[in-house]
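The values are calculated or read from the model by the stated rules, or taken from the named source; none is laboratory data. Since the model is a prediction, treat every value here as computed from it, not as a measurement. Cβ coordinates were reconstructed from backbone atoms using ideal geometry, including for glycine residues, and neighbour counts include every protein chain displayed. SASA here: full protein model, heavy atoms, side chains in, ligands and nucleic acids out. Shrake-Rupley method; radii C 1.70, N 1.55, O 1.52, S 1.80 Å.
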Amino acid sequence: MKPLIEVLRGRKIICCVGSGGVGKTTTAAAIALREAMDGKKVLVLTIDPARRLANSLGLRELGNEETRIDPEMFSRAGLTPRGEMWAMMLDLKHTWDELVRMQARTAQQAEAILANKLYQTLSTAMAGSLEYMAMEKVYEVHTSRRFDVVILDTPPTTNALDFLHAAARILDVLDNNAMKIVLGPMMKAGKFGLKLLAAPSGLVLRTLSRFTGSDFLRDLAGFMMAFEGMYEGFKARATRVKALLTSRDAAFVLVTSPNPLTIEEALFFHKALADDAIQTAAVIVNRVQRDPRRHGGPDTLSALQEALQLAQIKDAGAPLLSERLSQTLTDQAALADLDRRQVERLRTTLHGVPLFSVPRLRKDVHDLAGLWQIDGYLGENGGD
Amino acid sequence: MTEPALLSKRLVVVTGKGGTGKSTVSAALGLAAARRGKKVLVCEVVARERVADFFGKPPSGTKIRELLPNLYSVHVRPREAMREYALMTIKYETIYKIAFENPAARYFLAAAPSLSEIVMLGKVWWHAAHDSERGRLRWDLVILDAPATGHGLTFLTVPEVFLRLVNEGPLARDMHGMQSLLADPAQCSVCVVTLPEEMPANEAIELDAALRKHGFPPGPLFLNAWFASRFSPQELAQVTRGGPMLMAAGEAADNHESRAALSAHYGGVLREAVQRPILPVPFFFERQFGAQAIDKVARAIESAL
């Protein structure tokens, strides 16, 4: 089996996908570290609102700016990278604003949109917005050629389906003829320079306004007017972003834990990618319990009591030390069995996809040394 | 048996990072309350419902289903919630269909800020505060299994955000109702679930601060998958140095103690940083996570409450 770094060789964009809490951020950072050690200039981009990546890289703050991981941190971990590792946390609003400024025909048009009350909410609160802007940022960084490799840590799987379709869905909303017809009278009034847009009229609009209030409809009409003429540019760009992500330049790495629920979600995600004709490049199972019985030796109560006696260890306490040891062995063997079955299920279902299994580590990973330890399990024997 | 304050609320919200066991805690709280004779509804507002499955029942879907005597669950989904909610306001199915189920409105509804969150929260709120039969509220306790951290906070603050944009109409009026229920410590409690690991613990600390900043009444923080120490340092040292015969036992004991050490460490970190009671929920070594495991979690929570 090829080591993960070989599997990903030549890819310029690596998206780590999977459900929440499976160690996606840590995995993304571990891959980035390996790329940097091998001489690449690499950026790891996280879009999680919590500061996970900052935590795992020992950085205090991680704004929308590309921040280089201090070479001092590498030497403290005993590492000498031939390349550079950078990190960045996506600022949702900022990325939207940049995109609007870039696509607006005039500065005036950009300002009108940025000042719209609805835009401000839409840009940060609309479902799929985070996914869209993450893709946008990856595209922007990729085309700038500032980095050899960009690694994206995505939001949890529940949003994953939105991932490749978020842009199209949002743009559909912004450029929708049916909606323009409904809002038409209000928009027309606006065009004639009336300060106050017309009151909602027509059955559909009146009913909707009973539900949301008419202020909202005015904002919406205003927003759609301000956006007019910009859709084409947005759409063309979104199409290019999607083309890039479905090209050979990009790779999707599925991250999961051995928990049956997250395994199920991983399989679900694999299928969603396949529906977009994207192959899962590799799958990484984090926090796999290793079976202590692989060492052999006694595991029944009486055999343990004998072994303690032979080692001249006092079998004391309540419950007795031998009883507690026996229980602990049983517990961990049970967990290891569960995990093994789940990993096998995944391996069988994702037949042919390189699978790496990272054992549960004794300590939390929160520095480069810990990330480097993880890299050790992403080698040719797949962690076994 | 005195009743824990948490179970005497009208609405208990369970939030936290994904994968920390929110559904488990929601189901266990529901079971604990139902056993005390309360009629409980667990509302799952996540992509995939889990609670019914814990009790070996088929998914409830968007219809309320009984899981055990007194314990019910429902999967709250945006489209159905929108329909139910709009019908309550508009009253006429035909007008609803014309206004809401035409292509233009679909887009419009997708564009309205967080409208799906609003209607889902609206449904939960309605069950907690208005759903009545024969002049009496139908549910003694509603438990909301909220979306994961980032989305969870967005979810709970949706009335606040909406009211900044819109301050008239029936929806705005209901938003005020939701806001006051969510802010009332006598009726509502917002709990956090986390794990004794670095990132979940840090997120829990941020979430705790954010929830308090928005004025949500603080419920307990459930520290899930808690490992209690089983071996003294001396025992551990002896066993791990006990030679090849004790290699497996030594590794098992060492693994166990390293997780117990993490539990103790993050328990301490959280106690320092978080301004709410902390309830450890022991890790249960179950081969199948079902009703039995939920029962164990429920008993552990009850004795800690």
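I'm trying to understand the selection: among the residues of the stretch A:345-378, which are charged (D, E, K, R), more than 14 Å from chain B (Cβ to nearest Cβ) and either over 20 Å from the mean Cα position of the chain (by Cα) or surrounded by fewer than 16 Cβ atoms within 10 Å (Cβ to Cβ) (or both)? Passing the criteria: A:345, A:347. Do we have residue B:20 as within 19 Å of residue B:224 (Cα to Cα) and either in a loop (DSSP other than H, G, I, E, B) or in contact with a His (Cβ under 7 Å, 6 or more places away or on another chain) (or both) here? It is true that residue B:20 is within 19 Å of residue B:224 (Cα to Cα) and either in a loop (DSSP other than H, G, I, E, B) or in contact with a His (Cβ under 7 Å, 6 or more places away or on another chain) (or both).
How about the stretch A:304-323: which of its residues are assigned to a helix (DSSP H, G or I) and open to solvent by 30 Å² or more (accessible area, probe 1.4 Å)? Hits for the stretch A:304-323 are A:305, A:306, A:309, A:310, A:323.
For first residues located in the stretch A:103-118 and aromatic (Phe, Trp, Tyr), partners that are open to solvent by 70 Å² or more (accessible area, probe 1.4 Å) and part of a helix (DSSP H, G or I) and lie 6+ apart or on another chain with Cβ distances below 8 Å do not occur. Screening A:312, A:332, A:342 for residues that are more than 30 Å from residue A:265 (Cβ to Cβ) and out of contact with any Phe, Trp or Tyr (no Cβ under 6 Å at 6 or more places or on another chain) leaves exactly one candidate, A:312. Checking each residue in the stretch A:287-302 for being facing chain B (nearest Cβ under 9 Å) and either in a loop (DSSP other than H, G, I, E, B) or open to solvent by 30 Å² or more (accessible area, probe 1.4 Å) (or both) picks out A:289, A:290, A:291, A:293, A:294, A:295, A:296, A:297, A:298, A:299. Scanning the stretch B:194-250 for residues that are more than 9 Å from chain A (Cβ to nearest Cβ), among the hydrophobic types (A, V, I, L, M, F, W, C) and open to solvent by 10 Å² or more (accessible area, probe 1.4 Å) yields B:205, B:209, B:210, B:216, B:225, B:226, B:227, B:228, B:236, B:237. When A:335, A:321 are checked against the criterion of being of a type in the set (A, V, I, L, M, F, W, C), in contact with a Leu (Cβ under 9 Å, 6 or more places away or on another chain) and at pLDDT 90 or above, a single residue qualifies: A:321. For the condition closer than 27 Å to residue A:129 by Cα and at pLDDT below 95, what is the one hit in B:172, B:129? The conditions single out B:172. I'd like the full set of residues that are within 14 Å of chain A (Cβ to nearest Cβ) and open to solvent by less than 10 Å² (accessible area, probe 1.4 Å), limited to the stretch B:1-29. The answer is B:15, B:16, B:20, B:27. The C-beta contact set for the stretch B:250-276 (first residue among the acidic types (Asp, Glu), second residue buried (at least 20 other Cβ atoms within 10 Å of the Cβ) and not in a helix (DSSP H, G or I), distance under 6 angstrom, 6+ apart or interchain) comprises B:257/B:231. The single condition from (1) at pLDDT 90 or above; (2) in contact with an Asp or Glu (Cβ under 8 Å, 6 or more places away or on another chain); (3) of a type in the set (Gly, Ala, Ser); (4) more than 19 Å from residue A:269 (Cα to Cα) that residue A:10 fails is (2). For the stretch A:360-377, a residue qualifies if it is over 20 Å from residue B:266 (Cβ atoms) and assigned to a loop (DSSP other than H, G, I, E, B), and the qualifying residues are A:376, A:377. Here residue B:263 passes the criteria (1) under 23 Å from residue B:28 (Cα atoms); (2) modelled with pLDDT of 95 or more; (3) among the small types (Gly, Ala, Ser); (4) open to solvent by 40 Å² or more (accessible area, probe 1.4 Å) except the one numbered (4).
Here is a yes/no grid of residues against (1) aliphatic (A, V, I, L, M); (2) in contact (Cβ under 8 Å) with a residue 12 or more places away in the chain:
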residue: B:199; (1), (2): yes, yes
residue: B:222; (1), (2): no, yes
residue: B:238; (1), (2): no, no
residue: B:244; (1), (2): no, no
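Applying the criterion of being open to solvent by less than 10 Å² (accessible area, probe 1.4 Å), at the interface with chain A (Cβ under 10 Å from one of its Cβ atoms) and of a type in the set (Val, Ile, Thr) to the residues of the stretch B:156-193, the residue that is nearest to residue A:214 (Cα to Cα) is B:166.
Just one residue in the set B:182, B:207 is in contact (Cβ under 8 Å) with a residue 24 or more places away in the chain and under 14 Å from residue B:148 (Cα atoms); that residue is B:207. I'd like to know if the stretch A:263-275 contains one or more residues that are surrounded by 18 or more Cβ atoms within 10 Å (Cβ to Cβ), within 30 Å of residue B:240 (Cβ to Cβ) and more than 9 Å from chain B (Cβ to nearest Cβ). No, the stretch A:263-275 contains no residue that is surrounded by 18 or more Cβ atoms within 10 Å (Cβ to Cβ), within 30 Å of residue B:240 (Cβ to Cβ) and more than 9 Å from chain B (Cβ to nearest Cβ).
Within the set B:270, B:207, the sole residue that is at pLDDT 95 or above, more than 22 Å from residue A:297 (Cβ to Cβ) and in contact with a Ser or Thr (Cβ under 8 Å, 6 or more places away or on another chain) turns out to be B:270.
For the stretch A:136-151, the tally of residues that are within 22 Å of residue A:255 (Cα to Cα) and more than 17 Å from the chain's Cα centre (by Cα) stands at 0. Tallying residues that are within 13 Å of residue B:273 (Cβ to Cβ) and in contact with a Leu (Cβ under 8 Å, 6 or more places away or on another chain) within the stretch B:186-209 yields 7. Please go through the stretch A:13-59 and pick out each residue that is at pLDDT below 90, open to solvent by 10 Å² or more (accessible area, probe 1.4 Å) and within 19 Å of residue A:141 (Cβ to Cβ). A:48, A:59, listed by residue number. The numbered conditions (1) in contact with a helix residue (DSSP H, G or I) (Cβ under 9 Å, 6 or more places away or on another chain); (2) open to solvent by 50 Å² or more (accessible area, probe 1.4 Å) are all true for residue A:381 except (1).
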